[in-house]
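Trainee: Here it is, the structure in full.
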There are 2 protein chains.
Amino acid sequence: MNQPDLTKGDFTLPGEAGYEALTLRLAEKWGADTIRDSDGTQLSPEILESGHAIYSTVCLVRSIQSWAREHHDQLQQNFLMSFPVVADKASTTIKLLDGYYDEQFTVNWKDAPKKWWQVFDRTTGKEVAKTKWSVNPKKGTVTIAGTTPGHKYTVNFLALRLWEEISMYNHLTNDWGDREHLAAVDPMQPAVQKQLLKFLERWLAEHAATKVVRFTSMFYNFSWFWGADHKRLRDVYSDWGDYEMTVSPRALKLFEQRYGYKLTSEDFVNGGLYNSTHNAPSRRYCDYMEFIHDFVIDFGRQCIDLVHQHDKLAYVFYDDHWVGVEPNSARFAEFGFDGLIKCVFNAFEVRLCANATGVKTHELRLHPYLFPTGLKGEPTFKEGGNPTLDAKNFWIDARRGIVRAPIDRIGLGGYLSLVEPFPDFQDYIEGLLKEFRLLKSFHAGGQPWTSPVKVAVLTAWGELRAWTCSGHFMPGVELYSVIESLAGLPLDVQFISFDDLVADGVPAGVKVVINAGRAGTAWSGGHFWENPEVEAILTQFVQKGGGVVGIGEPSAYPQPGQLFKLAQVFGLDRDSGERLANGKYKFDAPASGVAEHFITADLPAGAELAFGKDVDGIYVHGPETKVLAARDGSPRLATHEFGKGRAVYLSGFTFSHENTRLLHRALFWAAGQEPKWSVWNTTNIRTEATCFPKSRKLVVINNAGTDESTVVTLGDGKTTKKVALPAHGIAILDV
Amino acid sequence: MNQPDLTKGDFTLPGEAGYEALTLRLAEKWGADTIRDSDGTQLSPEILESGHAIYSTVCLVRSIQSWAREHHDQLQQNFLMSFPVVADKASTTIKLLDGYYDEQFTVNWKDAPKKWWQVFDRTTGKEVAKTKWSVNPKKGTVTIAGTTPGHKYTVNFLALRLWEEISMYNHLTNDWGDREHLAAVDPMQPAVQKQLLKFLERWLAEHAATKVVRFTSMFYNFSWFWGADHKRLRDVYSDWGDYEMTVSPRALKLFEQRYGYKLTSEDFVNGGLYNSTHNAPSRRYCDYMEFIHDFVIDFGRQCIDLVHQHDKLAYVFYDDHWVGVEPNSARFAEFGFDGLIKCVFNAFEVRLCANATGVKTHELRLHPYLFPTGLKGEPTFKEGGNPTLDAKNFWIDARRGIVRAPIDRIGLGGYLSLVEPFPDFQDYIEGLLKEFRLLKSFHAGGQPWTSPVKVAVLTAWGELRAWTCSGHFMPGVELYSVIESLAGLPLDVQFISFDDLVADGVPAGVKVVINAGRAGTAWSGGHFWENPEVEAILTQFVQKGGGVVGIGEPSAYPQPGQLFKLAQVFGLDRDSGERLANGKYKFDAPASGVAEHFITADLPAGAELAFGKDVDGIYVHGPETKVLAARDGSPRLATHEFGKGRAVYLSGFTFSHENTRLLHRALFWAAGQEPKWSVWNTTNIRTEATCFPKSRKLVVINNAGTDESTVVTLGDGKTTKKVALPAHGIAILDV
């Protein structure tokens, strides 16, 4: 292998007009091949003509404001549920937008309310007949006749959105005063499509210097409904993966034509839960997602074709208006995008980006962004900040993923001028980029080694939400922590849905299935466990020698006397409160800490499991269930041999060095692969090793902010190497 | 009022043969009017002829052992669910009694299995066709044909019980070796009835000296299924109120004739949950209880008539074989019992006993029992024990109830000889009895004063399980603690069911309704909340000025986007995990401790609420909900004004001085009766006051084991009296 040039290329620098000299100096120091603008900023001619590739952002649905102002009926809309009102007499009036932010929403009175809206008696759960209610557009109300005192009522209504959410968020966060409120037009309207294509054609012509068009993103933002009281309840509802904000009467009509059945407002409103990605989705909603994905591909493709006609490349941002884009979908390639850009905090997001097929270029936008303050308002690029340390800490998280999966480019975002007073940051990024380019060169030489423990993560979403749950990391959702752990481990991981499982069984080669999450969630599976085939397939898989790792409330589907459908496989179940009269088997468990076992071998002596807010009320079936740790009589870590296979149960999970190692070992144990454990593994849980067999390189990374030494066992399972690593450091060994 | 004689009467002493002198000395010292035997012991002639009333125990269903041994088909039986077996091929064999204690159970092969049993595929939840399975009595198995590998199967089968549970418990606890295993015959069999009446007739004739026949109790024990492994899982299932052990083919046939529909084994087995009193009961099971109650009254009445024909009194023990007796039922009087005896640990059990109408005499069996060791094996009447302190501590718990509700007699149980070395105990009981007789005399003068805050406790069981949940106190069941608090408060408390509520609304005069328990339980209400009328009635009750106090998961009935049916009334709800994408209103709450409020006024400054394992995930609807205490963002104590009424929410409840006061004040606040708070209340939460207006006596009790002083406000709401009380002490003031 030739030594790659580690000083140049694969880096996108955010240029800043007015700081041309700095821009070009750092472009040189950091080896940038590309200079970008940011949403709403422009690059100066000096930069545009500097010989770097130019990369320009465009957000189509926000692009035609003057037209949008004149065509409010062409704005995007969604169903909202009015906040419940309790009747105290036989007639009840509901002010629809009460509690909602009226600069975001306006009621859509124009598309026949009687046709599209629904009124519910939420006490009975039944719809109120359309003849029983009437609208008053002037007052913004619906009045329901024949209400039962003591019952509560809600109205599902269509609301047009006057202010596009990213514009709204930036405007209000940065106190932009009377700067224009940008609105998002509805790309499903034929008139809008005409306008957008016209705009794009002109924009492309005007951006002669631009090589890469970065779409932010396609057409529909993730769902984000704001409340009236920004201090107390700003986010009435927000979900990174929900398609709520794609709905319109036109969409519903087209859906009905295509799918042969009608969706109702309640399919979207769902008692106020909407269709949160975290909850197991209905079949109807899945159909609707497919319908929108199809449309976004179709119209998106027209836009991308235009870009290509102008000899430019089209990249798409994997956030903001990404709904319907679905880079994890097999159809993503149909767009014809050239690149995908993901903003990353964590290793799982690196894997999410790398996981998309159908684009040539996978680019990461690293943190910290070049802003004066961080996400929680803490100083970064200003007095009191330590952006270099921030960059190191973000890097060791992302690097775990980069070592495991090939990424083509990285970049920064924000205001470049802010880095000027931080020369150590400038130097650190220079080194970071060399490290990135080196790792990329190893991937170019061939895939990193993976252990024989092939893993499938079973969720309601399967591959469609592989390597994510619903956007950036959220504490309390076990699966985020699980995928963050997995993202850096030398394992072949795939994501399967219950439909996949029922259609094809456990995929060939998979040794262990993970099911992790709380009852009812998309991650545990919720109603998908109703299908007895799911239980039968997984039970037989373990009977015949497979492994399962269950976390939290795996396979939860409440039935009398049983919560976990795989209770017999795990040798335990959860009492959700109905078993007060049922005795519980008295198991043996250590009074504190964890029992000695292959799975717990790397935990510090005497340490308690730190699983965050984990599940209680677990009871075991009998002596075959070995409890390795328990609290208040409820097992937290247990193993169970079942048939020829094995099951491991964890009552919760948070991302940490300890838990990553615990999970890694649990997967090996469940797969019955303990003898092969040591190969390419490290003794120090704050370090991880990756072997690139083709390149004959061993990469050892220190995931901690402290100096660490570790011992790596080589591929023969015997030879060991001792490696000393500085804080945040990396070592490359020839093997 | 004449000064009553406080030295004599209303006391039942357990006599002991061989200790005649002691028996008679203590009978004199303690003023016993009655001397009892215990189950299985005999009194000597010296005691029988001492001039005291004699009280003898009899347990009919255990009384005819030689006949029972020859008529195994006449023993009591019940449905059992075999432990689940997972199929790994197309035929699956289940050993029915695997995991069960085979000295308790034997399979009933004689009553056609195909008629009475059911086999379930618990993976699909469906019954397996009767043509698909066959029995093998020799092997004790059922073999199911056509099983699906990976599915789990269970058999609901009839098991005869060879060993009556109280006999079994005493035998095994006391290592009785080869002493006879007593069996219980089934009183619904005509042949058994004949035998029992014959036995009773003879027994009555033989017990000429006996004045009171104490039945232990009628015919059916509470449910208690033992496991094979007594160390690890002795109690597979046990429930003080479940009618499982009354079932037989005969009962099912008679039920069908009467009710016009068939019950199945699954009506009893219920996926292995059986019909735990803690879970909301089905309509079918309630019908069955009524059917058994009717039978127990009918045959019980025949036995009691016999007793009366022999000029004796009939008392019944409110434990052990009490199933079907139902002293809280309006029909209890039909038995014709003369007395009811309740073994008590707690104040609520005093109220439970006092609550029964239809008997003249309500008698308590106090703790400690005269045994060498207590219930947890700790020493009592032996070296290292302090039975006097034990007696004081039990007494202050029971006394709270005795002050509030009239009890006619008290008694002790166990081996009298054990008290000989404890003269201080002998003296303490002498004083305790005087205290009891004095309180009884106050009740005789007229009811104690109750505040204007009339309370109804709403549960699935209503009055039928008033002042209990399912037997003695169980930690973790909020309602036990609630009723223990209520048992000593100057409130008029009634218990209503959902059926009562729907039929009659909130009872006249009730100011506050309490609903306390976890989702799905009989205490919260479970499926009874499905009926929208329940929500409507209670919502209107509060709209019009009523109060509700909700504890734990009040009104819980899961619907999309909503758990508490009364969420709008409480101004809050619980997120059971489905609202990750729904924003939560940011409320104000103190960072620690509780906010100042009428409800919290008596809590020690800075103290945290101690509610045991309380409910988390509570979110509030808006600023109208005032959060007085919260933890990890989840309210623990909150108030909400709704319509003209008020709601108070508590996330949990345990019995303590602090929480009793908190509940008392919460009820006053919910009723809008704060101005009347001080009347007959104490300032010191470890003390309580009761006014007997007719007797013009004020009773002030110290519920603590420390000396306390307190200030009581008199009936005018102004005048106060300072009272100093020794540990466990009582003061009687003229008012």
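Trainee: Looking at (1) buried (at least 20 other Cβ atoms within 10 Å of the Cβ); (2) in a loop (DSSP other than H, G, I, E, B); (3) more than 29 Å from the chain's Cα centre (by Cα); (4) modelled with pLDDT of 95 or more, find the lone condition where B:Ala32 falls short.
Mentor: Among (1) buried (at least 20 other Cβ atoms within 10 Å of the Cβ); (2) in a loop (DSSP other than H, G, I, E, B); (3) more than 29 Å from the chain's Cα centre (by Cα); (4) modelled with pLDDT of 95 or more, the lone unmet condition for B:Ala32 is (3).
Trainee: Related question: Check A:Asp229 against each of (1) under 26 Å from the mean Cα position of the chain (by Cα); (2) within 25 Å of A:Glu164 (Cα to Cα); (3) at the interface with another protein chain (Cβ under 9 Å from one of its Cβ atoms); (4) of a type outside the set (A, V, I, L, M, F, W, C) and name the one condition it does not meet.
Mentor: So the condition that A:Asp229 fails would be (1).
Trainee: Quick one: in region B:563-581, of everything that is within 8 Å of chain A (Cβ to nearest Cβ) and either within 18 Å of A:Asp235 (Cα to Cα) or modelled with pLDDT under 95 (or both), which residue is nearest to the chain's Cα centre (by Cα)?
Mentor: B:Ser576
Trainee: Right, another one. Quick one: in region A:88-101, which of the residues that are surrounded by 15 or more Cβ atoms within 10 Å (Cβ to Cβ) and within 30 Å of A:His171 (Cβ to Cβ) is farthest from the other protein chains (Cβ to nearest Cβ)?
Mentor: Ranking the qualifying residues of region A:88-101, first place goes to A:Leu96.
Trainee: Hey, another quick one. Out of curiosity, is A:Tyr259 among the hydroxyl-bearing types (Ser, Thr, Tyr), within 14 Å of chain B (Cβ to nearest Cβ) and under 24 Å from A:Asp111 (Cβ atoms)?
Mentor: In short, no.
Trainee: Name the residue, out of B:Asp267, B:Asp235, B:Asp298, B:Asp305, that is within 14 Å of another protein chain (Cβ to nearest Cβ), more than 22 Å from the chain's Cα centre (by Cα) and of a type in the set (D, E, K, R).
Mentor: Selected residue: B:Asp267, the only one of B:Asp267, B:Asp235, B:Asp298, B:Asp305 that is within 14 Å of another protein chain (Cβ to nearest Cβ), more than 22 Å from the chain's Cα centre (by Cα) and of a type in the set (D, E, K, R).
Trainee: For region A:639-735, which fully contained strands (runs of 3 or more DSSP E) count at least 2 residues that are over 30 Å from A:Asp390 (Cβ atoms) and of a type outside the set (Lys, Arg)?
Mentor: A:645-650, A:708-713
Trainee: Would you pick out the residues in region A:458-481 that are among the aliphatic types (A, V, I, L, M) and within 13 Å of the chain's Cα centre (by Cα)?
Mentor: Those that are among the aliphatic types (A, V, I, L, M) and within 13 Å of the chain's Cα centre (by Cα): A:Leu464, A:Ala466, A:Met474, A:Val477, A:Leu479.
Trainee: Answer yes or no: is there a residue in region A:263-275 that is touching a residue at least 12 places away in the same chain (Cβ under 8 Å) and within 19 Å of A:Cys469 (Cα to Cα).
Mentor: yes
Trainee: Let me ask another. Going through region B:632-656 one residue at a time, which ones are of a type in the set (D, E, K, R) and crowded, with 22+ Cβ neighbours inside 10 Å?
Mentor: B:Arg636, B:Arg646, listed by residue number.
Trainee: Right, another one. All but one of (1) closer than 30 Å to A:Ala610 by Cα; (2) in a helix (DSSP H, G or I); (3) within 11 Å of another protein chain (Cβ to nearest Cβ) hold for A:Phe528; which doesn't?
Mentor: The failed condition is (3).
Trainee: Could you pull out the residue among B:Val542, B:Val594, B:Val549 that is aliphatic (A, V, I, L, M) and either surrounded by fewer than 19 Cβ atoms within 10 Å (Cβ to Cβ) or part of a helix (DSSP H, G or I) (or both)?
Mentor: Only one candidate passes the filter, namely B:Val542.
Trainee: Show the residue pairs that are 6+ apart or on different chains and have beta-carbon atoms under 8 Å apart, the first residue being within region A:191-215 and closer than 20 Å to A:Asp37 by Cβ, the second being modelled with pLDDT under 95 and exposed (fewer than 15 other Cβ atoms within 10 Å of the Cβ).
Mentor: A:Ala209/A:Glu49
Trainee: Let me ask you something else. Please work out which residue is nearest to the other protein chains (Cβ to nearest Cβ), limiting yourself to region B:60-87 and to residues that are polar (S, T, N, Q) and part of a loop (DSSP other than H, G, I, E, B).
Mentor: Top of the filtered list is B:Ser82.
Trainee: Select from region B:113-145 the residues that are touching a residue at least 24 places away in the same chain (Cβ under 8 Å) and part of a loop (DSSP other than H, G, I, E, B) and list them in ascending order.
Mentor: Those that are touching a residue at least 24 places away in the same chain (Cβ under 8 Å) and part of a loop (DSSP other than H, G, I, E, B): B:Trp117, B:Arg122, B:Thr123, B:Thr124, B:Pro137, B:Lys139, B:Gly140.
Trainee: Looking only at region B:431-443, decide whether some residue is within 28 Å of B:Gly374 (Cβ to Cβ), out of contact with any strand residue (DSSP E or B) (no Cβ under 9 Å at 6 or more places or on another chain) and outside any helix (DSSP H, G or I).
Mentor: no
Trainee: When residues of region B:562-580 are filtered for being part of a loop (DSSP other than H, G, I, E, B) and surrounded by fewer than 24 Cβ atoms within 10 Å (Cβ to Cβ), how many remain?
Mentor: 5
Trainee: For region B:146-186: of the residues being assigned to a loop (DSSP other than H, G, I, E, B), among the small types (Gly, Ala, Ser) and out of contact with any strand residue (DSSP E or B) (no Cβ under 6 Å at 6 or more places or on another chain), which is nearest to B:Pro113 (Cα to Cα)?
Mentor: If we take residues in region B:146-186 being assigned to a loop (DSSP other than H, G, I, E, B), among the small types (Gly, Ala, Ser) and out of contact with any strand residue (DSSP E or B) (no Cβ under 6 Å at 6 or more places or on another chain), then B:Gly146 is nearest to B:Pro113 (Cα to Cα).
Trainee: Going through region A:355-406 one residue at a time, which ones are in contact (Cβ under 8 Å) with a residue 24 or more places away in the chain, outside any loop (DSSP other than H, G, I, E, B) and among the β-branched types (Val, Ile, Thr)?
Mentor: A:Thr361, A:Thr388, A:Ile396, A:Ile402, A:Val403
Trainee: Further question on the same structure: What tally of residues in region B:468-518 results from selecting those that are in a loop (DSSP other than H, G, I, E, B) and without any contact (Cβ under 8 Å) to a residue 24 or more places away in the chain?
Mentor: The qualifying residues number 2.
Trainee: For region A:531-562: of the residues being out of contact with any helix residue (DSSP H, G or I) (no Cβ under 9 Å at 6 or more places or on another chain) and among the small types (Gly, Ala, Ser), which is farthest from the other protein chains (Cβ to nearest Cβ)?
Mentor: Across region A:531-562, the extreme among qualifying residues is A:Gly545.
Trainee: Before we move on, is A:Phe653 more than 22 Å from A:Ile730 (Cα to Cα), under 29 Å from the mean Cα position of the chain (by Cα) and not β-branched (Val, Ile, Thr)?
Mentor: yes
The values are calculated or read from the model by the stated rules, or taken from the named source; none is laboratory data. Just so it is clear, the structure is predicted and the values come from calculations on it, not from any experiment. Here the Cβ is made from the backbone with ideal geometry for all residues, glycine too, and neighbour counts use every protein chain on show.
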